[in-house]
Structures are given as structure tokens and as C-alpha cells.
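Visitor: Before I ask anything, here is the structure I am working with.
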Amino acid sequence: MRSKIFIAFILVSAFVLAACDGKTVSNSANSASKPEVKEGVEPKADDEIAVIEMAEPAFGTIKIELYSNIAPEMVKRFKELAKEGFYDGTAFHRVSPTVVQGGDPNSKDDDPSNDGQGSSDKPDVKAEFSDIPFNRGIVGAARATDPNSANSQFFITMKRYPSWDRNYTVFGKVIEGMNNADTIAGAPKNGESPIEKIVIKTIKIQPK
């Protein structure tokens, strides 16, 4: 009788431990692969905008409103890096009818093979996903496979791209100069790499 009770105790204990382990793993996996998504919050433009001035006059200027109420940490990082001059001399290293991407310090050198792999020396920014759709003109934070790996790189959405919804951080929108982004997106390229560097002269943070 005692042996049966002992065996029953062991089985129940094993079940409880397995259930606890499963729950812990499940929660951990969900938090890693599916960050919280901010829903039902209308983006509110900051009192400051970002102005991207291109080194080549033909590429003009792009003005971006920033959404601190949606992605406070990414906006803070973007402003911080811009004010430090981090983006000066970097290039839009990825251009296509879908996206224009920049913000990589590696793009300053003459080796295009490392473009898209760099970041600032600051810590990565955690995901700040929202239900704002990636429509034309939306500015998002580029990242690696890890949702919490945004850092310095950013991209401008050139056309509606539903698969990015809820999977990348939206932190702004182009309010002036999408025609210039179109010019950049249409530059001669090899794959998605511009044949000639498309250099950002500077990004200024200034009042609206």
C-alpha cells in the first residue's frame, strides 16, 4: 500500500514539475518571439521632426515626424544619434521599390559587403511594436532576427507591406520628401545595393 502511495506521489510530482517547466518555457518563448503589441493608440507627432539632408542635391531632403507616444525608446535613440552626428556620412545601403534603408556606420567605408551589419555602440532597443500598419511613408526600426535588436538602422516603407505589421517598430512617418525617397529607391543598383553611394549629409532634429 505504501509503495502504491509513493508511486502515485512520484507521478503527481512529475506531472506538476513538467507542467511548471512547460509553462515557464512557453512564456519565455512567447516573450522572445512575440513581444507585446501596442494597440488602439493613435500616433501623435512630437514637437520636433527629423530632417534628412542628402549629400547629393538631386536626392533632396526628407522630413519625418516622430512618434514618441508609440515608440519612446526608439525615438529617443534616433534623436540622440542624430544630434551626436552619428548618421552624418552614412548611406542608404538598401534601396528597392519596397524599402529604403540606412543608418549603418559600416556604410561609410568602401566595402559594401558589410553594409547592413553595423550599429552604434549603444545598447540595442527593445521591440516597441504597435498595430500601426506599414503603409507608404512609414518609418521603422531595422533589426536582426531578435525582435529586441533594433539599434541605429532605420527604413522608409515605399509601399504597403503587410508582413511587417506588428513585427517591426514604427517610430515615424515621412511628411515631406517622399518624392525624394522615390528617387533614392529608383537609383541604379545591384540587387538592392546602390551601385554608387547614396550618402546622407546629416540628419537634423529641429522644431516643426
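Visitor: Within the set K38/K63; K63/K108; K79/K126; K34/K63, which residue pairs have Cα atoms separated by over 20 Å? Don't jump to the answer; show the numbers that get you there.
Guide: Details: K38/K63 25 Å; K63/K108 22 Å; K79/K126 16 Å; K34/K63 31 Å.
Violating the 20 Å limit, Cα to Cα: K38/K63; K63/K108; K34/K63.
Visitor: Given 25 °C and 0.890 mPa s, compute D for segment 41-207 with the Stokes-Einstein relation, Rh being the Kirkwood radius over Cα pairs; round to the nearest whole µm²/s. Before the final figure, lay out the partial values.
Guide: Details: Rh = 15.5 Å.
It comes out at roughly 158 µm²/s.
Visitor: May I pose another question? Which semi-axes, in whole Å and largest first, does the equivalent ellipsoid of segment 116-203 have when worked out from the alpha carbon gyration tensor as the square roots of 5 times its eigenvalues?
Guide: On the way: eigenvalues 94, 61, 31 Å².
For segment 116-203, the ellipsoid semi-axes come out as 22, 17, 12 Å.
Visitor: If R0 is 45 Å, what FRET efficiency do you get for V41 and D110 from their C-beta distance, rounded to 0.05? Working shown, then result.
Guide: On the way: r = 43 Å, r/R0 = 0.95.
The formula returns an efficiency of 0.55 here.
Visitor: Just subtract the alpha-carbon distance of N179 and I195 from 0.36 nm times their residue separation and send over the number in nm, one decimal.
Guide: Numbers: separation 16, 0.36 × 16 = 5.76 nm, distance 2.02 nm.
Stretched fully, the N179-I195 segment lengthens by 3.7 nm.
Visitor: Kirkwood Rh over Cα pairs of segment 53-107 into Stokes-Einstein at 25 °C, 0.890 mPa s: D in µm²/s? Let's see the in-between values first.
Guide: On the way: Rh = 12.7 Å.
Taking Rh from Cα pairs, D becomes 193 µm²/s.
Visitor: Rounded to the nearest 0.05, what FRET efficiency do N167 and A55 give with R0 = 30 Å and r taken as the Cβ-Cβ distance? Could you check?
Guide: 0.40
Quick note: the coordinates plus some simple rules give every number you see, no bench work behind them. In this text the structure is predicted, and so the values were computed from the model without any measurement. When we count neighbours, we look across all protein chains shown, and the Cβ atoms used for this are built from the backbone with ideal geometry, even at glycine.
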